[in-house]
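The block underneath contains the structure these notes are about, expressed in structure tokens.
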Amino acid sequence: LQQVELFTYLIFDFLIVKESLLEINPGISEVIRLIIAVALLFPMVVFTLHPRWLSRSGIVSTVSFELLYGLIIITGLRALHSSDASHSLGFLPQSMKGFYGSYGGILLMFSGHAIYPSVFSELKDKRDMFRVLNYTYALISILSIPVALVVILGYGRESVTDLPTGYLEEGTIENWVGQVFMILKGCFTHPAILYPIVKETSQSIHTHFFSQNSHKTVTAQNILDIEGQIFDSNAMTTPSIKLKIVVSLVISTLAMFGSMFIPSIAFVLSLSSAIFAITLNLTLPSLTFAICMPKNDYPIRARVAIILCFLGLVSSVVAFMGL
């Protein structure tokens, strides 16, 4: 499920680039937007070949996010102080579908959680990793609140669109610059999201078809030996660069086709909300706790877990209804 989750974010990257191009030039055709998106995103697979290169793309993605964040805050504050600004704090979802559908957008802010296990295994110094994660997620949570308030207070609920920059007036410098930041962020985030899928897929293909282990007779001891190599970086042979490139291009191609048949960014957010944000983060953990933990030792926690599991199931159904 984690790989599928990441794959939906790859589709999201293609949609972001195409929608941002449409905001820049409303007259551009779907085919041209798709061609430009492919031309921008496909070369990004090069950054998946080495973690050090991946960090370089991450720096560009982070800087793009910070510039985009600053633009949104500045334009929102300017609108807030204008005479025609809307000052109603109507940012809460008006329906259950909207409430559960918003999970997908919230999860997207923390989509990097599925990337860190793959990156963690490549680090030489792993001591500060968890502290960095905690600080990163805390900072993202803090930054998300003011930008939401500024946009809603400055432009009103009706300004909320699929794109964070969708409220900017067409043809303005702010709109053009915002879309450029969105495209840069989508392009340079693409390798980080692609990396775990490429790493796991190419390693699996290499292990089963190209390594000497694939020719061994399948026995219990051989299975233990092969599985043990997965966690032993010294014993495990690595896939070739050619294999990684081919896998990267194939996965990106599938994501491209997925973006052609998905109607909107909101659909991706609702889908990730229904399947991942709720199921993986609420329903399954609660169900696991309720089944595995002794009821006599933790009676109150067990009841709470059952309630949360039920709410998670209801949330998933409601979120699916919003697709």
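Numbers for the structure displayed
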item	result
Ranked packing of 9-15, 41-47, 141-147, most packed first, by mean Cβ within 10 Å	9-15, 41-47, 141-147
Sites S264 and V60, calculated FRET efficiency, Cβ-Cβ separation with R0 25 Å, nearest 0.05	0.40
Extension reserve of the Q2-E30 stretch, reckoned as 0.36 nm per residue once the Cα distance is removed	7.1 nm
Rounded to the nearest 10 Å², the accessible area of Y155 at probe 1.4 Å	60
Highest to lowest packing among 70-81, 188-199, 24-35, scored as the average C-beta count within 10 Å	188-199, 70-81, 24-35
Extension reserve of the S141-W53 stretch, reckoned as 0.36 nm per residue once the Cα distance is removed	29.0 nm
Inter-site label distance for K124 and F310 at 7 Å from Cα along Cβ, in nm	5.5
The stretch 1-56 - percent of accessible surface contributed by carbon and sulfur, probe 1.4 Å	70
Extension reserve of the Y69-V132 stretch, reckoned as 0.36 nm per residue once the Cα distance is removed	20.6 nm
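The values are calculated or read from the model by the stated rules, or taken from the named source; none is laboratory data. Treat the numbers as computed from the prediction; the structure is a model and nothing was measured. Cβ: placed from backbone, ideal geometry, glycine included. Neighbour counts: every protein chain shown. The area values use the complete protein model at the heavy-atom level, side chains included, leaving out ligands, DNA and RNA. Shrake-Rupley method; radii C 1.70, N 1.55, O 1.52, S 1.80 Å.
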